[in-house]
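**Student:** To start, I am sharing the structure in question, which I have written as structure tokens.
Since every read-out is calculated from the coordinates, none of them should be taken as a lab result. No experiment lies behind these values; they were computed from the predicted model shown. As a convention, Cβ positions derive from the backbone with ideal geometry for all residues, glycine included, and neighbour counts pool all protein chains shown.
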Amino acid sequence: MQDRLQKILTFVHAMEKLKTIQRQVSISDNSRKESPAEHTWRTALLAMVLCREFELAVDLTRVLEIILVHDIVEIIADDHWNIHDDGNVHAIKNKQEKDAADDLYGILPERSQEELKEMWVEYRDRKTDEARFAYALDKIEVMIQRIDLGAQNWEKREWVEDGICEKIHAWADDAVFQCHDTKLDIFLRFVKEEIDRECKKISVKS
């Protein structure tokens, strides 16, 4: 029992580092980059609200579990965007994240180690409705965070001229399409309308 308790506590201590990692987008006041922990929290909250409002046919408990574990690997592997779909970058990122999953989930007692890692693999492979829904919300939350930050704080060249806005749109479109849910598609279009208005603000200033 003592050994199991120590493993649980060691794992929880390790998870604190997720609060310190910097993602690619800033918080709304532009004072600092957001953390994966903050992104995870709001993605989970979005899942709770959408499941209630749209009565989606997914297991919400499983969705929330998947969301809670999906970015833990960034404690070691960090947050990287492969905007240009470079195959070599993608392969390296996958290897780094798999190694990180082995190390981090390996801290836990055997049962939790297996189950939490299984949730992460489920998210990565997107072979269940719950994993596909979690993945779609992950992409949508990124768009919402950009709206919160506001066009005046975007990196103009990177965001507009390098086509990052269009790339994130495409990621979200593909993720939502895989969910085969009309209501989620309507929500995505609503979010895209807001982010397009922000993009136009930059275009007007150009």
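**Student:** Could you name every one of the helices (runs of 4 or more DSSP H) located completely within the range 2-102 that has at least 1 residues being closer than 29 Å to residue 180 by Cα, of a type in the set (Gly, Ala, Ser) and without any contact (Cβ under 8 Å) to a residue 60 or more places away in the chain?
**Tutor:** Hits in the range 2-102: 36-54.
**Student:** Looking at (1) closer than 26 Å to residue 187 by Cβ; (2) within 15 Å of the chain's Cα centre (by Cα), which is the one condition that is false for residue 77?
**Tutor:** The one condition residue 77 does not meet is (1).
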